[in-house]
Amino acid sequence: MKQKNIKKNILLIKIIGDQVTLFLLDNEDKKTAELKWKDRRDLSEKLLVKIDQLLKKNKLSLSDISKINFKSRDCGFMAGQIGKITAEVLSFNLSSRATIGVEGSVNK
């Protein structure tokens, strides 16, 4: 019996310096959507709102996300921690099939 190819949606939170980028990736890690903005020391206020905007724009909900990845480089300690903790909390609240991947270092 052939197994149906289940579509996976991956959310990538990437913080490089003061540039914050959210990506939606498909099964093959190809970018399907992107949202960028500069962190003005208000990441804790904007990150969840921007994730929601990206999902709604692409007619998805958080339950459609199968994996959340977080990458950071050359960003402030707090920005890195906010991004990492947000990814962990969202992943924890997703179904048991969701996983989180954390790459990079906050202080590199």
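Only the coordinates and a few stated rules stand behind these numbers; no lab work does. Bear in mind that the values here come from a model prediction, so they are computed numbers and not experimental data. Cβ: placed from backbone, ideal geometry, glycine included. Neighbour counts: every protein chain shown.
Work out from phi, with θ = phi - 60° and the Karplus expression 6.51 cos²θ - 1.76 cosθ + 1.60, the ³J(HN,Hα) of each residue of the stretch 60-69, listed in order in whole Hz, and give x for Gly and Pro.
10, 10, 4, 5, 7, 8, 9, 7, 10, 10
Where does the charge balance sit around Trp37 when Lys and Arg score +1, Asp and Glu -1, over other residues with C-beta under 9 Å from its C-beta?
Counting the neighbours of Trp37, the net charge comes to +4.
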